[in-house]
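Encoded as C-alpha cells, the structure appears first; notes follow it.
The values are calculated or read from the model by the stated rules, or taken from the named source; none is laboratory data. Predicted model only: the values in this text are computed from it and were never measured. Cβ sites come from the backbone with ideal geometry, for glycine too, and all protein chains shown count toward neighbours.
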Amino acid sequence: MSIDQEPIDSPTSWVAKHVQRYIETNGAEGHIWRGVPTLILTTLGRRSGKARRLALIYGQDGDRYIIVASKGGADEHPEWYLNLLEHPEVQVQVLADRFRANARTATPEEHKALWPRMAEIWPDYNNYQKKTDRQIPLVILERA
C-alpha cells in the first residue's frame, strides 16, 4: 500500500476525463472548471489500499490548500474524505506543481474562518450545507 502506485481515476466518466486532461496538460486544461480553480487529489483507499484520484475545487489560505468534503450535501461523507481520515498522506497537483501533503480536518475555529471563503468560490456549498445535518468538513492540505 503506497500513495506512489498508479492511481485509479473516478468511476464517474466526466470526472475521470477532467482528471486525465488536467494531468496530460499540467493543468493548462482543467485547472479552471466552471470558472473556479481545481486541484487533483490522490488518496489511499482505506479498504482497498489502492491510490484513488479525483479533481476538487480548492481555495487557498497562505500556502495551504482548502477543499470541501461536501458530496453535494449528502448525509454521508465522500469516500475520498473517509480515505484521508485513515491515510492522511496524500498527493496533490495544482497546475504543474505535484507534491505530497498532509491532510487534516479543519478545527472548528478554522472552519468558521474558512467556510465563507470557500462559499465565495463555490456558493452552492451553502446550499449543500442546508441539505444535511452533518457539518460539511473542510480539509486543509499542507505540504509534507
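Tell me whether segment 52-63 contains one or more residues that are aliphatic (A, V, I, L, M) and over 13 Å from the mean Cα position of the chain (by Cα). Full working, then the answer.
Initially, segment 52-63 is screened for residues aliphatic (A, V, I, L, M), giving 54-57.
Right, trim to over 13 Å from the mean Cα position of the chain (by Cα) and you get none.
Looking for residues that are aliphatic (A, V, I, L, M) and over 13 Å from the mean Cα position of the chain (by Cα), one finds none in segment 52-63, hence no.
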Sole miss for GLY27 among (1) among the small types (Gly, Ala, Ser); (2) crowded, with 20+ Cβ neighbours inside 10 Å; (3) in contact with an Asp or Glu (Cβ under 7 Å, 6 or more places away or on another chain) is condition (3)
Among all residue pairs at least 6 apart or on different chains, which show Cβ distances below 7 Å where the first residue, located in segment 95-118, is closer than 14 Å to TYR65 by Cα and the second is of a type in the set (Lys, Arg)? PHE99/ARG143; ALA101/ARG143
Among the residues of segment 4-23, which ones are charged (D, E, K, R) and assigned to a helix (DSSP H, G or I)? LYS17, ARG21
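Within segment 24-58, track down each residue that is in a loop (DSSP other than H, G, I, E, B) and among the aliphatic types (A, V, I, L, M).
Residues of segment 24-58 that are in a loop (DSSP other than H, G, I, E, B), as a first pass: 25-31, 34-35, 45-50, 58.
The answer is ALA28, and nothing else.
Would you kindly identify the helices (runs of 4 or more DSSP H) lying entirely within segment 59-144 that contain at least 3 residues that are touching a helix residue (DSSP H, G or I) at 6+ places or on another chain (Cβ under 8 Å)?
Details: elements: 79-86, 108-121, 124-131.
Helices (runs of 4 or more DSSP H) meeting the threshold: 108-121, 124-131.
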Are any of the residues in segment 88-110 more than 22 Å from THR42 (Cβ to Cβ), modelled with pLDDT of 95 or more and surrounded by 13 or more Cβ atoms within 10 Å (Cβ to Cβ)? yes
